[in-house]
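The block underneath contains the structure these notes are about, expressed in C-alpha cells.
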C-alpha cells in the first residue's frame, strides 16, 4: 500500500476545532497556531448544531447504502447554512459555515463516487475475471516468477489457517487470504521501497490508523495476528466505500485517495466496471488486481497451468506467556531449552528480539510456558546500551551538517537528541552530538596530566561541560582554581588538572588479543571502562583489533 490515504474526519471535531482543512493532513504534521474564533451567538449556534446533526445523519445513511436519504440530509444541512446571516456572530460564524460547507461538499462527492462506481458484488463475491491482463500475470507466475510463487505458496501454510478463520468471522471472502502472496510472498518482515512493512504491507501511518503499535521495541506490522486484523478492518472500510472487490483491492494497494481522484476526473456513469478504471491507474496498482486474480486461478487449478505447488508448511503452533520483565530472546531460549531462531520466528514484531519495558505477551512453543514462568526470575534483565555522545559548543559559521560530519553522526540524529524542529542553530549554544563509528577525540582535548591545561572561559561554558571536554571533574577544577561556587565569567582563565591515571609511570602499553573487549581489558587491569576509553581517545562504539596497542594503568 502507498502512503496516500483519505483521513477520516470526526464531525464534532470540525465544529469544535474550526479548521477542517487540516483534518485531511497526516498525523504528525506541524500546524501553525490560529487566532481563537469570536464567540458565536446562541441562536446561530443552534442552527449550526442542527446542520451538523444533519451531516451525521447523512453519514449513517451512506454507511447503510441509503444514498438518496443521505443526499436529502446533506441538502437540509446546506439549507440551514444558507439561513444564517453572514454578519451574525462575526468571524466565528464565517469559519464554522466554511467548515460545514466544505464537509457537505466532500460527503456529497463521496456519495456520488460510490453510487457510480459500485458494482453488484457483495462481501462474498470476488469475480474471477479472465482477460489479457490476468493472463499476462499468469504467464509471469508460471514462467520467470515460478520459484517465487511456489515458495510463497508453501510459506502460506504457516499463517493462512489463522487468516481464513479471521476472514470468516468478519464475513469476508476467504480468497482474500491469498493477498499476502502478492503483497509480501507471506514474509512477515518484507519491506517495500515505499517503506511498507510486514505480510500485509502497511505503511506506518495506515498501521497507526488501524491500531498497530510501533515504538522502540515493537512494530506490530510484523505481527501476523494483529496485522491480519488491521488488514480486515481496512478491507471492510474500502469495500463499504467502493462497493466491489476489484476497485477495493486497487485502493488497498495505492490508497483510496488516489482511486477517488482518478474516478473524479471521469464522466459520470463512465466507470461501469473496474477494467475501465484499470487503464487510468498507476502501473504498479494497475498490475495489482490482475496479479491477485492470476494467483487465484493458479491456486484453484495448478495442474491446468503446469504447476506443482508442493505441500504448504505446517501452521505455527504456540502459546502466549505474559511477562513483565524486559528480556532478550537470546537469554530466554536456553532457559526453555529451544533454539533462539524458533523464538524469533514466533515473535517477529520484536524489532531487536527484546521485549518492551511494559507487560508483553511472548509467544513460546506449546508446552514451554510453565517452564518460562518458573525460570523468569533467573533470566537476566536486559538494558539497552546508551549511545555515546559528546557536547559540542557551536561556533560561528557551523551548521548541523558540518557538525555531523565532524563526529561521524547525522543531522537527523542530532535533531532527535536535542529536540530540534529545524536546522537553525545559534553560535555559543551547546549541542549533544551522538558520535559515530570510527570517530576519535582530537588530541588537544586530551591534555597530559603532567602539565595542567589552561582554559579561557567562553560564552556558554559551564564547569560541567569544561570538565567533560578535558576528561576532568567539577570538584577537581574547583579545587585547582580555588573556586567556592560554579559561577564563571567570560574571559576567566581556569587551570585544568590532569586526569587520574595519565601521569608518566602510571600507565603501560597493552597489546590487544583475540576476544578482548574494552570492558574486559579495563576489568583485568583494575580500571573503569570510562578511564580506559579516556586514556586512549576511544568511545563506546570504537572498534579494537588484535595487535593494537592501548594504554592501561
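Please treat every number below as a calculation from the coordinates, not as lab data. What you are looking at is a predicted structure, and each value in this text was computed from that prediction instead of being measured. For neighbour counting, all protein chains shown are included, and Cβ atoms are generated from backbone atoms with ideal geometry for every residue, glycine included.
Per-residue packing, averaged as other Cβ atoms within 10 Å, sorts the ranges 410-418, 289-297 into the order 289-297, 410-418, beginning with the highest. This ranking places 221, 283, 405 by how few other beta-carbon atoms lie within 10 Å of each, fewest first, which gives 283, 405, 221.
Pairs of Cα atoms in the stretch 292-359 fall into 10 Å distance bins, from 0 up to the last occupied one, in shares of 16, 34, 15, 18, 15, 1 percent. Taking a ≥ b ≥ c as the square roots of the eigenvalues of the Cα gyration tensor of the stretch 132-305, is the shape rounded (a/c under 1.5), prolate (a/b larger than b/c) or oblate? In terms of gyration-tensor shape, oblate. Each peptide in 72-81, 478-487, 228-237 was scored by the mean count of other Cβ atoms within 10 Å over its residues; highest first, the order is 228-237, 72-81, 478-487. Using the Cβ-Cβ distance between residue 76 and residue 264 with R0 = 22 Å, the FRET efficiency computed as 1/(1 + (r/R0)^6) comes to roughly 0.35. With R₀ fixed at 60 Å, the C-beta to C-beta distance from residue 168 to residue 94 puts the FRET efficiency at about 0.70.
Just to verify a number: FRET efficiency for residue 454 and residue 371, C-beta to C-beta distance, R0 = 45 Å, to 0.05? For R0 = 45 Å, the calculated efficiency reads 0.10. Residues 309, 346, arranged from fewest to most other Cβ atoms within 10 angstrom of their Cβ, appear as 309, 346. By definition, a body whose alpha carbon gyration tensor gives a ≥ b ≥ c is oblate when a/c is 1.5 or more and a/b is not larger than b/c, and the stretch 308-397 fits this oblate description. Taking a ≥ b ≥ c as the square roots of the eigenvalues of the Cα gyration tensor, an a/c ratio of 1.5 or more together with a/b no larger than b/c marks the stretch 206-306 as oblate.
Between residue 417 and residue 322, what is 0.36 nm times their sequence separation minus the Cα-Cα distance? Round to one decimal in nm. Each step should come with its number before you reach the end.
Values: separation 95, 0.36 × 95 = 34.20 nm, distance 3.24 nm.
Result for the pair: 31.0 nm of gain on full extension.
Exposure proxy shown here: for 525, 392, the number of other Cβ atoms within 10 Å sets the order, fewest to most, as 525, 392.
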